[in-house]
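**Student:** The structure is given below, and queries will be raised subsequently.
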Amino acid sequence: DAMVIQNPRYQVTQFGKPVTLSCSQTLNHNVMYWYQQKSSQAPKLLFHYYDKDFNNEADTPDNFQSRRPNTSFCFLDIRSPGLGDAAMYLCATSKTFIGTPGAVEKLFFGSGTQLSVL
Amino acid sequence: AQKVTQAQTEISVVEKEDVTLDCVYETRDTTYYLFWYKQPPSGELVFLIRRNSFDEQNEISGRYSWNFQKSTSSFNFTITASQVVDSAVYFCALSENNAGKSTFGDGTTLTVKP
């Protein structure tokens, strides 16, 4: 059973047209992450939420925003997609941060949403 | 700054061969964590293993084994008797204290031919 669910699997949008990608989890994990992965490259962390606390990576463009209305859902909003934003977007969760004493943490990933920008 | 290098971009083997995927890392931290993930064609990254910097004990899980050498800053991954289902992209990653804020290597694409 899928525990981190991303919809849709494929998303096509037009240059400059706002698009939202969704992620849901059934694990009741505190932390949710969004990664961008371009073809043949490593995943790149965009931001993460620890509960309601939002943490943006320093090099994440302002064009990318995120919302987490509740524990289960997290959204990635791209306000004005450019051709360079075409990529696979991966959502991941973890119960807590790896440095928490006693925690044995790992990331659980969704299957990703492949975004195309026309 | 952290860095993870997976020098092998692509590896192709024939089924039942053993294959080793290399991972070399750089960090200034004394406490850190190393991971291997598998990304099959379906796209989902699958956690394989996590290693703490203070635990150099090697690990074996079925056909998978990992060799952690702090002296050479390496965390290599060996698949014994490879199978077609092992075909995937494999990522090595390094984290200081947050599994999500990992630095990933560029991945090694493994193709196992029947």
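The values are calculated or read from the model by the stated rules, or taken from the named source; none is laboratory data. Keep in mind that what you see is a predicted model, and the values were worked out from it rather than measured. Note that we place each Cβ from the backbone using ideal geometry, even for glycine, and neighbour counts take in every protein chain shown.
**Student:** Looking only at the range B:47-81, which residues are in contact with a Lys or Arg (Cβ under 8 Å, 6 or more places away or on another chain), closer than 23 Å to B:Leu110 by Cα, away from every other protein chain (no Cβ under 11 Å) and not aliphatic (A, V, I, L, M)? Show your work before the answer.
**Tutor:** Filtering the range B:47-81 down to residues in contact with a Lys or Arg (Cβ under 8 Å, 6 or more places away or on another chain) leaves B:47-48, B:50, B:53, B:56, B:59, B:66, B:68, B:75, B:79-81.
With closer than 23 Å to B:Leu110 by Cα added as a condition, the list becomes B:47-48, B:50, B:59, B:66, B:68, B:75, B:79-81.
Filter once more, keeping what is away from every other protein chain (no Cβ under 11 Å): B:59, B:66, B:68, B:75, B:79-81.
Scanning the range B:47-81 gives B:Glu59, B:Trp66, B:Phe68, B:Phe75, B:Thr80.
**Student:** Still on this structure, I have one more. Just a yes or no: is a residue in the range A:38-47 within 17 Å of A:Thr96 (Cα to Cα) and either within 12 Å of chain B (Cβ to nearest Cβ) or free of Cβ contacts under 8 Å to residues at least 24 places away in the same chain (or both)? Walk me through it before giving the result.
**Tutor:** Looking only at the range A:38-47, we keep the residues that are within 17 Å of A:Thr96 (Cα to Cα), and these are A:45, A:47.
Pick out the ones that are also either within 12 Å of chain B (Cβ to nearest Cβ) or free of Cβ contacts under 8 Å to residues at least 24 places away in the same chain (or both) and you get A:45, A:47.
Within the range A:38-47, one or more residues are within 17 Å of A:Thr96 (Cα to Cα) and either within 12 Å of chain B (Cβ to nearest Cβ) or free of Cβ contacts under 8 Å to residues at least 24 places away in the same chain (or both).
**Student:** Here is a further query. Identify, from the list A:Ser22, A:Ser111, A:Ser94, A:Ser66, the residue that is within 14 Å of chain B (Cβ to nearest Cβ), farther than 22 Å from B:Phe47 by Cβ and surrounded by 12 or more Cβ atoms within 10 Å (Cβ to Cβ).
**Tutor:** The match here is A:Ser66.
**Student:** Would you say A:Leu45 is outside any loop (DSSP other than H, G, I, E, B), crowded, with 19+ Cβ neighbours inside 10 Å and modelled with pLDDT under 95? It would help to see each step written out before you state the result.
**Tutor:** Working: outside any loop (DSSP other than H, G, I, E, B): yes; crowded, with 19+ Cβ neighbours inside 10 Å: yes; modelled with pLDDT under 95: yes.
Taking the combined requirement at face value, the residue satisfies it.
**Student:** Another question, if that's okay. Going by the conditions given, is A:Pro8 away from chain B (no Cβ under 12 Å) and in contact with a Pro (Cβ under 8 Å, 6 or more places away or on another chain)? Write out each step before concluding.
**Tutor:** Details: away from chain B (no Cβ under 12 Å): yes; in contact with a Pro (Cβ under 8 Å, 6 or more places away or on another chain): no.
Judged against the criteria, A:Pro8 is not a match.
**Student:** Hey, another quick one. Which condition breaks for B:Val85 when tested against (1) within 14 Å of chain A (Cβ to nearest Cβ); (2) closer than 30 Å to A:Asn7 by Cα; (3) of a type in the set (Val, Ile, Thr)?
**Tutor:** B:Val85 satisfies all of (1) within 14 Å of chain A (Cβ to nearest Cβ); (2) closer than 30 Å to A:Asn7 by Cα; (3) of a type in the set (Val, Ile, Thr) except (1).
**Student:** Conditions first: (1) small (Gly, Ala, Ser); (2) over 29 Å from B:Ala7 (Cα atoms); (3) surrounded by 18 or more Cβ atoms within 10 Å (Cβ to Cβ). A:Ala87 passes all but one, so which condition is the exception?
**Tutor:** The single condition A:Ala87 does not satisfy is (2).
**Student:** Being among the polar types (S, T, N, Q) and touching a Lys or Arg at 6+ places or on another chain (Cβ under 8 Å) is true for just one of A:Ser72, A:Ser94, A:Ser24. Which residue is that?
**Tutor:** On the way: A:Ser72 fails: touching a Lys or Arg at 6+ places or on another chain (Cβ under 8 Å); A:Ser24 fails: touching a Lys or Arg at 6+ places or on another chain (Cβ under 8 Å).
Going through A:Ser72, A:Ser94, A:Ser24 in turn, the sole match is A:Ser94.
**Student:** Any chance you could count how many residues in the range A:42-79 are in contact with a Gly (Cβ under 8 Å, 6 or more places away or on another chain) and closer than 28 Å to B:Thr109 by Cα? Full working, then the answer.
**Tutor:** At the first step, the residues of the range A:42-79 found to be in contact with a Gly (Cβ under 8 Å, 6 or more places away or on another chain) are A:42, A:45, A:48, A:63.
Subset that is closer than 28 Å to B:Thr109 by Cα: A:42, A:45, A:48.
Qualifying residue count for the region: 3.
**Student:** Still on this model: Go through (1) under 15 Å from the mean Cα position of the chain (by Cα); (2) assigned to a loop (DSSP other than H, G, I, E, B) and name the single condition B:Asp55 misses.
**Tutor:** (1)
**Student:** Could you list, in sequence order, all residues of the range B:1-46 that are at the interface with another protein chain (Cβ under 10 Å from one of its Cβ atoms), buried (at least 17 other Cβ atoms within 10 Å of the Cβ) and in a strand (DSSP E or B)?
**Tutor:** B:Val4, B:Tyr33, B:Phe35, B:Tyr37, B:Gln39
**Student:** Further question on the same structure: Looking only at the range B:68-80, count every residue that is without any contact (Cβ under 8 Å) to a residue 24 or more places away in the chain and either buried (at least 16 other Cβ atoms within 10 Å of the Cβ) or not in a strand (DSSP E or B) (or both) and tell me the total. Walk me through it before giving the result.
**Tutor:** The initial filter retains those residues of the range B:68-80 that are without any contact (Cβ under 8 Å) to a residue 24 or more places away in the chain, namely B:69-71.
Filter once more, keeping what is either buried (at least 16 other Cβ atoms within 10 Å of the Cβ) or not in a strand (DSSP E or B) (or both): B:70-71.
Final tally of qualifying residues: 2.
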